[in-house]
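J.: One structure coming up, written as C-alpha coordinates, with questions to follow.
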Amino acid sequence: MEVRDKLTILADAAKYDASCASSGAKGTRPGSQIGSTEGMGICHSYTPDGRCVSLLKILLTNYCIYDCQYCVNRISSDTPRARFTVDEVVSLTMEFYKRNYIEGLFLSSGIIQNSDYTMEQLIEVARRLRTDQHFGGYIHLKTIPNASQGLIEQAGAWADRLSVNIELPTESDLVQLAPEKKKPQIVDTMSGIREKIDETKEEQKSGFKPPRFAPAGQSTQMIVGATPTPDLEILKTASELYAGQRLRRVYYSAYSPIPHADARLPGQSPPLVREHRLYQADWLMRFYGFDASEIVAESDSNLSLEMDPKLAWAIANRHFFPVDVNRASREELLRIPGIGVRSVDRILKIRKFQSLRSADLRKLRVAWKRTKWFVETADHNPGLASLDKLDLGERAKPPTTQLLLFDASTSAISGEV
(Lines give C-alpha, C1' and ligand atoms only; values in the text may rest on other atoms or scores of the structure.)
Protein backbone atom coordinates (compact mmCIF):
# COMPACT_ATOMS: atom_id res chain seq x y z
CA MET A 1 0.00 0.00 0.00
CA GLU A 2 1.30 3.48 -0.84
CA VAL A 3 2.14 5.86 2.00
CA ARG A 4 -0.49 8.29 0.72
CA ASP A 5 -3.15 5.58 1.03
CA LYS A 6 -1.97 4.68 4.51
CA LEU A 7 -2.10 8.33 5.49
CA THR A 8 -5.67 8.61 4.25
CA ILE A 9 -6.74 5.70 6.43
CA LEU A 10 -4.67 6.36 9.54
CA ALA A 11 -5.19 10.12 9.73
CA ASP A 12 -8.92 9.58 9.39
CA ALA A 13 -8.83 6.89 12.08
CA ALA A 14 -7.10 9.30 14.48
CA LYS A 15 -9.75 12.01 14.22
CA TYR A 16 -11.74 10.52 17.09
CA ASP A 17 -8.97 11.32 19.56
CA ALA A 18 -9.42 14.82 20.97
CA SER A 19 -6.55 14.90 23.45
CA CYS A 20 -3.92 16.38 21.18
CA ALA A 21 -3.51 19.96 22.40
CA SER A 22 0.14 20.80 22.92
CA SER A 23 -0.22 23.45 25.61
CA GLY A 24 2.16 23.12 28.49
CA ALA A 25 5.35 22.29 26.62
CA LYS A 26 8.16 24.65 27.59
CA GLY A 27 11.73 24.77 26.46
CA THR A 28 13.49 23.41 23.45
CA ARG A 29 15.49 20.21 23.75
CA PRO A 30 19.26 20.66 23.95
CA GLY A 31 20.97 19.82 20.69
CA SER A 32 17.83 20.12 18.58
CA GLN A 33 18.41 21.32 15.03
CA ILE A 34 14.86 21.62 13.76
CA GLY A 35 11.52 22.29 15.41
CA SER A 36 10.71 23.97 18.71
CA THR A 37 7.98 23.81 21.33
CA GLU A 38 8.54 27.45 22.26
CA GLY A 39 6.87 30.65 21.13
CA MET A 40 6.34 30.75 17.39
CA GLY A 41 7.42 27.13 17.00
CA ILE A 42 3.88 25.95 17.73
CA CYS A 43 0.98 27.67 16.00
CA HIS A 44 -2.27 26.02 16.97
CA SER A 45 -5.28 25.85 14.75
CA TYR A 46 -8.65 24.71 15.99
CA THR A 47 -11.72 23.37 14.33
CA PRO A 48 -15.03 25.07 15.24
CA ASP A 49 -15.58 22.49 17.99
CA GLY A 50 -12.19 23.24 19.53
CA ARG A 51 -10.03 20.38 18.29
CA CYS A 52 -6.40 21.11 17.58
CA VAL A 53 -5.37 20.49 13.98
CA SER A 54 -1.84 21.82 13.95
CA LEU A 55 -0.20 18.50 14.76
CA LEU A 56 0.29 15.57 12.45
CA LYS A 57 -2.29 13.40 14.17
CA ILE A 58 -2.12 9.82 13.01
CA LEU A 59 -2.26 6.26 14.17
CA LEU A 60 0.72 3.99 13.70
CA THR A 61 -1.82 1.36 12.78
CA ASN A 62 -5.56 0.84 13.06
CA TYR A 63 -5.22 -2.90 13.40
CA CYS A 64 -6.33 -3.74 16.94
CA ILE A 65 -6.78 -6.89 18.97
CA TYR A 66 -9.49 -5.30 21.14
CA ASP A 67 -13.18 -5.11 20.39
CA CYS A 68 -14.30 -1.86 22.03
CA GLN A 69 -17.83 -1.35 20.74
CA TYR A 70 -17.58 2.45 20.43
CA CYS A 71 -14.36 2.32 18.38
CA VAL A 72 -14.28 2.27 14.59
CA ASN A 73 -10.98 0.36 14.73
CA ARG A 74 -12.23 -2.54 16.84
CA ILE A 75 -11.21 -5.99 15.65
CA SER A 76 -14.74 -6.84 14.48
CA SER A 77 -15.02 -3.70 12.34
CA ASP A 78 -14.75 -3.98 8.56
CA THR A 79 -13.00 -0.63 8.26
CA PRO A 80 -10.00 -0.50 5.86
CA ARG A 81 -6.75 -1.32 7.67
CA ALA A 82 -3.24 0.01 7.31
CA ARG A 83 0.02 0.16 9.23
CA PHE A 84 2.88 2.60 8.97
CA THR A 85 6.45 1.54 9.44
CA VAL A 86 8.54 3.53 11.89
CA ASP A 87 10.54 4.97 8.97
CA GLU A 88 7.39 6.17 7.26
CA VAL A 89 6.11 8.07 10.32
CA VAL A 90 9.52 9.67 10.87
CA SER A 91 9.73 10.70 7.23
CA LEU A 92 6.18 12.08 7.14
CA THR A 93 6.73 14.12 10.29
CA MET A 94 9.92 15.68 9.00
CA GLU A 95 8.58 16.36 5.53
CA PHE A 96 5.37 17.94 6.79
CA TYR A 97 7.28 19.99 9.32
CA LYS A 98 9.74 21.31 6.75
CA ARG A 99 6.78 22.37 4.60
CA ASN A 100 5.28 24.20 7.58
CA TYR A 101 2.19 22.02 7.46
CA ILE A 102 2.48 20.91 11.09
CA GLU A 103 4.23 21.93 14.27
CA GLY A 104 4.49 18.56 15.95
CA LEU A 105 3.34 14.96 16.10
CA PHE A 106 0.49 13.29 17.90
CA LEU A 107 0.92 9.53 17.59
CA SER A 108 -1.46 6.88 18.79
CA SER A 109 -2.08 3.31 17.73
CA GLY A 110 -4.36 0.36 17.80
CA ILE A 111 -2.99 -2.42 19.98
CA ILE A 112 -1.10 -5.04 18.01
CA GLN A 113 0.25 -8.27 19.54
CA ASN A 114 0.30 -6.83 23.08
CA SER A 115 0.69 -3.59 25.01
CA ASP A 116 4.48 -3.74 25.29
CA TYR A 117 5.06 -4.46 21.60
CA THR A 118 2.79 -1.59 20.55
CA MET A 119 4.46 0.77 23.00
CA GLU A 120 7.90 -0.19 21.69
CA GLN A 121 6.85 0.81 18.17
CA LEU A 122 5.58 4.20 19.31
CA ILE A 123 8.73 4.84 21.33
CA GLU A 124 10.94 3.97 18.37
CA VAL A 125 9.27 6.68 16.27
CA ALA A 126 9.90 9.30 18.96
CA ARG A 127 13.45 8.10 19.57
CA ARG A 128 14.32 8.23 15.88
CA LEU A 129 12.90 11.74 15.55
CA ARG A 130 14.92 12.97 18.53
CA THR A 131 18.21 11.19 17.91
CA ASP A 132 18.44 10.69 14.14
CA GLN A 133 16.59 13.79 12.95
CA HIS A 134 17.42 16.04 15.95
CA PHE A 135 13.76 17.05 16.01
CA GLY A 136 12.99 19.48 18.84
CA GLY A 137 9.30 19.97 18.08
CA TYR A 138 6.35 18.78 20.08
CA ILE A 139 5.67 15.05 20.38
CA HIS A 140 2.62 13.62 22.10
CA LEU A 141 2.60 9.85 22.49
CA LYS A 142 -0.47 7.89 23.41
CA THR A 143 0.52 5.46 26.13
CA ILE A 144 -0.82 1.94 25.96
CA PRO A 145 -2.42 0.74 29.23
CA ASN A 146 -0.61 -2.15 30.90
CA ALA A 147 2.68 -1.36 29.15
CA SER A 148 5.70 -1.96 31.38
CA GLN A 149 7.03 0.87 33.55
CA GLY A 150 10.37 0.67 31.76
CA LEU A 151 8.71 1.43 28.44
CA ILE A 152 6.71 4.28 29.96
CA GLU A 153 9.94 5.82 31.19
CA GLN A 154 11.44 5.52 27.71
CA ALA A 155 8.36 7.13 26.18
CA GLY A 156 8.52 10.05 28.60
CA ALA A 157 12.17 10.59 27.81
CA TRP A 158 11.41 11.30 24.14
CA ALA A 159 7.89 12.77 24.26
CA ASP A 160 6.69 16.12 25.56
CA ARG A 161 3.35 14.77 26.66
CA LEU A 162 2.01 11.32 27.41
CA SER A 163 -1.65 10.42 27.64
CA VAL A 164 -3.62 7.36 28.60
CA ASN A 165 -7.25 7.25 27.59
CA ILE A 166 -9.64 6.56 30.45
CA GLU A 167 -12.06 5.78 27.58
CA LEU A 168 -15.42 5.85 29.42
CA PRO A 169 -16.59 7.64 32.58
CA THR A 170 -17.20 4.64 34.82
CA GLU A 171 -15.94 1.11 35.29
CA SER A 172 -19.42 -0.26 34.59
CA ASP A 173 -19.37 1.58 31.23
CA LEU A 174 -16.09 -0.16 30.39
CA VAL A 175 -17.52 -3.56 31.39
CA GLN A 176 -20.47 -2.90 29.11
CA LEU A 177 -18.67 -1.65 25.99
CA ALA A 178 -14.96 -2.45 26.35
CA PRO A 179 -14.65 -5.47 28.68
CA GLU A 180 -11.03 -6.11 27.65
CA LYS A 181 -9.98 -2.77 29.12
CA LYS A 182 -9.80 -2.52 32.89
CA LYS A 183 -9.97 0.75 34.75
CA PRO A 184 -7.40 -0.35 37.39
CA GLN A 185 -4.87 -1.07 34.62
CA ILE A 186 -5.51 2.31 33.02
CA VAL A 187 -5.18 4.14 36.34
CA ASP A 188 -2.04 2.16 37.22
CA THR A 189 -0.44 3.31 33.97
CA MET A 190 -1.35 6.91 34.81
CA SER A 191 0.13 6.43 38.27
CA GLY A 192 3.38 5.21 36.76
CA ILE A 193 3.63 8.36 34.67
CA ARG A 194 2.71 10.60 37.61
CA GLU A 195 5.31 9.00 39.88
CA LYS A 196 8.04 9.48 37.29
CA ILE A 197 7.00 13.11 36.73
CA ASP A 198 7.03 13.71 40.50
CA GLU A 199 10.43 12.05 40.82
CA THR A 200 11.85 14.26 38.07
CA LYS A 201 10.47 17.42 39.67
CA GLU A 202 11.85 16.46 43.08
CA GLU A 203 15.30 15.96 41.62
CA GLN A 204 15.08 19.33 39.88
CA LYS A 205 14.08 21.00 43.15
CA SER A 206 17.09 19.41 44.81
CA GLY A 207 19.38 21.03 42.29
CA PHE A 208 20.01 18.01 40.10
CA LYS A 209 19.54 17.91 36.34
CA PRO A 210 17.62 14.69 35.72
CA PRO A 211 16.77 13.56 32.17
CA ARG A 212 13.61 15.13 30.75
CA PHE A 213 10.44 13.21 31.34
CA ALA A 214 7.16 14.30 29.74
CA PRO A 215 7.66 18.02 30.53
CA ALA A 216 4.13 18.82 29.29
CA GLY A 217 2.63 16.30 31.73
CA GLN A 218 -0.07 13.79 31.01
CA SER A 219 -3.67 14.02 29.88
CA THR A 220 -6.56 11.73 29.12
CA GLN A 221 -9.70 11.53 27.03
CA MET A 222 -13.19 10.45 27.99
CA ILE A 223 -15.92 9.59 25.53
CA VAL A 224 -19.19 11.29 26.38
CA GLY A 225 -22.63 10.12 25.31
CA ALA A 226 -21.84 6.51 24.40
CA THR A 227 -23.64 5.41 27.58
CA PRO A 228 -26.38 7.08 29.64
CA THR A 229 -23.88 8.03 32.37
CA PRO A 230 -24.83 11.55 33.53
CA ASP A 231 -22.55 14.57 33.63
CA LEU A 232 -22.22 14.37 37.43
CA GLU A 233 -20.48 10.99 37.21
CA ILE A 234 -18.32 12.22 34.33
CA LEU A 235 -17.17 15.21 36.39
CA LYS A 236 -16.54 13.07 39.47
CA THR A 237 -14.28 10.80 37.45
CA ALA A 238 -12.46 13.83 36.03
CA SER A 239 -12.09 15.31 39.52
CA GLU A 240 -10.61 12.05 40.84
CA LEU A 241 -8.09 11.97 38.00
CA TYR A 242 -7.06 15.59 38.52
CA ALA A 243 -6.58 15.01 42.25
CA GLY A 244 -5.05 11.55 42.12
CA GLN A 245 -3.01 11.64 38.93
CA ARG A 246 -2.48 15.39 38.62
CA LEU A 247 -3.45 15.39 34.95
CA ARG A 248 -2.94 18.54 32.90
CA ARG A 249 -6.21 18.04 31.08
CA VAL A 250 -9.19 15.75 30.76
CA TYR A 251 -10.61 15.95 27.24
CA TYR A 252 -14.29 15.25 26.70
CA SER A 253 -15.04 13.79 23.31
CA ALA A 254 -18.64 13.51 22.19
CA TYR A 255 -19.37 10.02 20.94
CA SER A 256 -19.43 9.80 17.15
CA PRO A 257 -21.64 7.13 15.60
CA ILE A 258 -19.63 4.55 13.68
CA PRO A 259 -20.62 2.19 10.88
CA HIS A 260 -22.15 -1.14 11.94
CA ALA A 261 -22.23 -0.04 15.56
CA ASP A 262 -23.41 -2.17 18.46
CA ALA A 263 -27.14 -1.89 19.13
CA ARG A 264 -26.42 -0.64 22.66
CA LEU A 265 -24.84 2.51 21.29
CA PRO A 266 -26.90 5.63 20.51
CA GLY A 267 -27.67 6.35 16.89
CA GLN A 268 -26.48 9.94 17.02
CA SER A 269 -23.92 12.09 18.77
CA PRO A 270 -24.85 14.06 21.88
CA PRO A 271 -25.20 17.80 21.19
CA LEU A 272 -21.83 19.53 21.02
CA VAL A 273 -23.09 22.02 23.58
CA ARG A 274 -22.95 19.19 26.14
CA GLU A 275 -19.24 18.78 25.42
CA HIS A 276 -18.90 22.57 25.75
CA ARG A 277 -20.70 22.62 29.13
CA LEU A 278 -18.45 19.84 30.42
CA TYR A 279 -15.38 21.86 29.48
CA GLN A 280 -16.85 24.89 31.29
CA ALA A 281 -17.55 22.76 34.37
CA ASP A 282 -14.06 21.29 34.16
CA TRP A 283 -12.67 24.83 34.16
CA LEU A 284 -14.72 25.67 37.27
CA MET A 285 -13.27 22.66 39.09
CA ARG A 286 -9.68 23.45 38.18
CA PHE A 287 -9.56 27.22 38.57
CA TYR A 288 -12.66 28.42 40.47
CA GLY A 289 -12.74 26.10 43.48
CA PHE A 290 -15.98 24.33 42.59
CA ASP A 291 -16.62 20.71 43.48
CA ALA A 292 -18.12 18.35 40.94
CA SER A 293 -21.15 17.60 43.09
CA GLU A 294 -22.17 21.27 43.43
CA ILE A 295 -21.77 22.24 39.78
CA VAL A 296 -24.55 20.00 38.53
CA ALA A 297 -27.80 21.61 39.62
CA GLU A 298 -30.28 19.74 37.43
CA SER A 299 -32.42 16.96 38.93
CA ASP A 300 -31.28 14.47 36.28
CA SER A 301 -27.59 14.95 37.29
CA ASN A 302 -26.78 16.54 33.94
CA LEU A 303 -25.53 20.06 33.27
CA SER A 304 -27.98 22.57 31.90
CA LEU A 305 -27.63 22.97 28.16
CA GLU A 306 -29.42 26.33 28.34
CA MET A 307 -27.00 28.24 30.54
CA ASP A 308 -23.38 27.95 31.63
CA PRO A 309 -22.69 25.94 34.81
CA LYS A 310 -21.56 28.93 36.85
CA LEU A 311 -24.72 30.91 36.15
CA ALA A 312 -26.84 27.80 36.78
CA TRP A 313 -25.12 27.34 40.16
CA ALA A 314 -25.74 30.99 41.07
CA ILE A 315 -29.42 30.76 40.16
CA ALA A 316 -29.77 27.63 42.32
CA ASN A 317 -27.84 29.18 45.25
CA ARG A 318 -29.18 32.71 45.52
CA HIS A 319 -28.73 32.67 49.30
CA PHE A 320 -24.97 33.02 48.58
CA PHE A 321 -25.56 36.43 46.99
CA PRO A 322 -25.25 39.37 46.85
CA VAL A 323 -21.46 39.38 47.07
CA ASP A 324 -19.84 42.68 48.00
CA VAL A 325 -16.99 43.14 45.52
CA ASN A 326 -15.25 45.52 47.92
CA ARG A 327 -15.13 43.09 50.87
CA ALA A 328 -15.56 39.54 49.61
CA SER A 329 -12.77 36.99 49.66
CA ARG A 330 -11.14 35.75 46.47
CA GLU A 331 -13.07 32.47 46.77
CA GLU A 332 -16.38 34.35 46.99
CA LEU A 333 -15.54 36.61 44.05
CA LEU A 334 -14.73 33.60 41.88
CA ARG A 335 -18.32 32.40 42.32
CA ILE A 336 -19.88 35.50 40.76
CA PRO A 337 -21.23 34.82 37.24
CA GLY A 338 -19.53 36.86 34.57
CA ILE A 339 -16.33 37.49 36.52
CA GLY A 340 -13.27 35.50 35.55
CA VAL A 341 -10.02 34.68 37.30
CA ARG A 342 -8.09 37.60 35.82
CA SER A 343 -10.85 40.06 36.67
CA VAL A 344 -10.93 38.76 40.26
CA ASP A 345 -7.19 39.33 40.57
CA ARG A 346 -7.60 42.86 39.23
CA ILE A 347 -10.46 43.58 41.64
CA LEU A 348 -8.33 42.47 44.59
CA LYS A 349 -5.52 44.80 43.52
CA ILE A 350 -7.69 47.83 42.74
CA ARG A 351 -9.78 47.75 45.91
CA LYS A 352 -6.65 48.25 48.02
CA PHE A 353 -6.70 51.82 46.77
CA GLN A 354 -10.34 52.61 45.98
CA SER A 355 -13.87 51.25 46.28
CA LEU A 356 -15.22 49.67 43.14
CA ARG A 357 -18.38 51.02 41.53
CA SER A 358 -20.49 49.44 38.79
CA ALA A 359 -18.71 51.47 36.12
CA ASP A 360 -15.36 50.19 37.39
CA LEU A 361 -16.48 46.58 36.91
CA ARG A 362 -17.63 47.34 33.38
CA LYS A 363 -14.25 48.89 32.64
CA LEU A 364 -12.67 45.63 33.76
CA ARG A 365 -14.72 43.95 31.03
CA VAL A 366 -16.62 41.64 33.33
CA ALA A 367 -19.77 40.24 31.70
CA TRP A 368 -21.95 42.86 33.38
CA LYS A 369 -25.19 41.52 31.92
CA ARG A 370 -24.65 38.40 34.03
CA THR A 371 -22.81 39.98 36.95
CA LYS A 372 -25.18 42.83 37.77
CA TRP A 373 -27.81 40.59 39.37
CA PHE A 374 -25.40 39.22 41.99
CA VAL A 375 -23.04 41.95 43.26
CA GLU A 376 -22.99 44.86 45.66
CA THR A 377 -20.86 47.77 44.58
CA ALA A 378 -19.94 51.10 46.19
CA ASP A 379 -22.77 52.79 44.29
CA HIS A 380 -26.40 51.79 43.74
CA ASN A 381 -26.76 48.67 41.59
CA PRO A 382 -30.40 48.41 40.40
CA GLY A 383 -29.83 44.88 39.08
CA LEU A 384 -29.80 43.55 42.66
CA ALA A 385 -33.52 44.22 42.99
CA SER A 386 -34.18 41.23 40.74
CA LEU A 387 -32.05 38.73 42.68
CA ASP A 388 -35.10 36.99 44.12
CA LYS A 389 -37.32 37.27 41.04
CA LEU A 390 -38.60 33.96 39.67
CA ASP A 391 -37.60 34.83 36.11
CA LEU A 392 -34.00 35.76 36.98
CA GLY A 393 -32.71 32.75 35.07
CA GLU A 394 -34.35 33.96 31.86
CA ARG A 395 -33.14 37.52 32.42
CA ALA A 396 -29.54 36.54 33.14
CA LYS A 397 -29.23 33.92 30.43
CA PRO A 398 -27.39 35.31 27.39
CA PRO A 399 -29.36 35.19 24.14
CA THR A 400 -28.63 32.31 21.81
CA THR A 401 -26.20 33.46 19.14
CA GLN A 402 -23.82 31.83 16.70
CA LEU A 403 -20.36 31.96 18.27
CA LEU A 404 -17.46 33.20 16.21
CA LEU A 405 -13.86 32.10 16.48
CA PHE A 406 -12.84 35.60 17.60
CA ASP A 407 -15.30 35.53 20.51
CA ALA A 408 -12.60 33.60 22.36
CA SER A 409 -10.54 36.80 22.54
CA THR A 410 -12.93 38.18 25.18
CA SER A 411 -12.43 35.14 27.40
CA ALA A 412 -8.69 35.40 26.88
CA ILE A 413 -8.73 38.97 28.20
CA SER A 414 -11.01 38.40 31.19
CA GLY A 415 -10.23 34.77 32.02
CA GLU A 416 -13.99 34.29 32.38
CA VAL A 417 -15.72 31.11 31.22
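The values are calculated or read from the model by the stated rules, or taken from the named source; none is laboratory data. These numbers were taken from a predicted model, which means no experiment stands behind them. Backbone-built Cβ (ideal geometry, glycine too); neighbour counts: all protein chains shown. All accessible areas refer to the heavy atoms of the entire protein, side chains included, with ligands and DNA or RNA removed. Shrake-Rupley method; radii C 1.70, N 1.55, O 1.52, S 1.80 Å.
J.: Filter segment 200-241 down to residues that are open to solvent by 30 Å² or more (accessible area, probe 1.4 Å), part of a loop (DSSP other than H, G, I, E, B) and under 26 Å from Arg274 (Cα atoms), then give me how many there are.
T.: Matching residues across segment 200-241 total 2.
J.: Would you point out which residue out of Leu265, Leu303 is open to solvent by less than 20 Å² (accessible area, probe 1.4 Å), outside any helix (DSSP H, G or I) and either without any contact (Cβ under 8 Å) to a residue 40 or more places away in the chain or touching a helix residue (DSSP H, G or I) at 6+ places or on another chain (Cβ under 6 Å) (or both)?
T.: On inspection, the qualifying residue turns out to be Leu303.
J.: What is the number of the single condition among (1) open to solvent by 40 Å² or more (accessible area, probe 1.4 Å); (2) touching an Asp or Glu at 6+ places or on another chain (Cβ under 6 Å); (3) closer than 19 Å to Glu233 by Cα that Pro169 does not meet?
T.: Here Pro169 meets the rest and fails (1).
J.: If you don't mind, there's one more thing I want to ask. Mind checking which residues of segment 151-175 are β-branched (Val, Ile, Thr) and under 22 Å from the mean Cα position of the chain (by Cα)?
T.: Let us first name the residues in segment 151-175 that are β-branched (Val, Ile, Thr), namely 152, 164, 166, 170, 175.
Scanning segment 151-175 gives Ile152, Val164, Ile166, Thr170.
J.: Being in contact with a Leu (Cβ under 8 Å, 6 or more places away or on another chain), farther than 24 Å from Arg274 by Cβ and not small (Gly, Ala, Ser), is that true of even one residue in segment 387-406?
T.: no
J.: Any chance you could count how many residues in segment 137-154 are over 10 Å from Thr189 (Cβ atoms) and buried (at least 23 other Cβ atoms within 10 Å of the Cβ)?
T.: Looking only at that region, the number is 6.
J.: Mind listing whichever residues of segment 108-129 are in contact (Cβ under 8 Å) with a residue 60 or more places away in the chain and open to solvent by 20 Å² or more (accessible area, probe 1.4 Å)?
T.: Gln121 - this is the single residue of segment 108-129 that is in contact (Cβ under 8 Å) with a residue 60 or more places away in the chain and open to solvent by 20 Å² or more (accessible area, probe 1.4 Å).
J.: Among the candidates Val273, Val296, Val323, which residue alone is open to solvent by less than 60 Å² (accessible area, probe 1.4 Å), under 24 Å from Glu394 (Cβ atoms) and at pLDDT 95 or above? Break it down into steps so the answer makes sense when it comes.
T.: Numbers: Val273 fails: at pLDDT 95 or above; Val296 fails: at pLDDT 95 or above.
Exactly one of Val273, Val296, Val323 is open to solvent by less than 60 Å² (accessible area, probe 1.4 Å), under 24 Å from Glu394 (Cβ atoms) and at pLDDT 95 or above, namely Val323.
J.: Could you look through segment 85-107, keep only residues that are open to solvent by less than 60 Å² (accessible area, probe 1.4 Å) and outside any helix (DSSP H, G or I), and pick out the one that is farthest from Trp158 (Cα to Cα)?
T.: Filtering segment 85-107 for residues that are open to solvent by less than 60 Å² (accessible area, probe 1.4 Å) and outside any helix (DSSP H, G or I), the one farthest from Trp158 (Cα to Cα) comes out as Ile102.
J.: On the basis of being under 30 Å from Pro270 (Cβ atoms) and open to solvent by 10 Å² or more (accessible area, probe 1.4 Å), does Lys196 make the cut?
T.: Numbers: under 30 Å from Pro270 (Cβ atoms): no; open to solvent by 10 Å² or more (accessible area, probe 1.4 Å): yes.
Against the criterion (under 30 Å from Pro270 (Cβ atoms) and open to solvent by 10 Å² or more (accessible area, probe 1.4 Å)), Lys196 does not qualify.
Quick grid of which residues meet (1) at pLDDT 95 or above; (2) among the charged types (D, E, K, R):
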| site | (1), (2) |
| --- | --- |
| Ser219 | no, no |
| Pro228 | no, no |
| Leu241 | yes, no |
| Arg248 | no, yes |
| Tyr255 | no, no |
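J.: Kindly provide the set of residues from segment 240-281 that are under 19 Å from Ile295 (Cβ atoms) and among the β-branched types (Val, Ile, Thr), ordered by number.
T.: Hits for segment 240-281 are Val250, Val273.
J.: Let me ask something else about it. Hey, Arg74 hits all of (1) at pLDDT 55 or above; (2) open to solvent by less than 20 Å² (accessible area, probe 1.4 Å); (3) within 17 Å of Ala159 (Cβ to Cβ) but one; which does it fall short on?
T.: Here Arg74 meets the rest and fails (3).
J.: Then there's this: Limited to segment 145-187, what total is found for residues that are without any contact (Cβ under 8 Å) to a residue 40 or more places away in the chain and outside any helix (DSSP H, G or I)?
T.: 3
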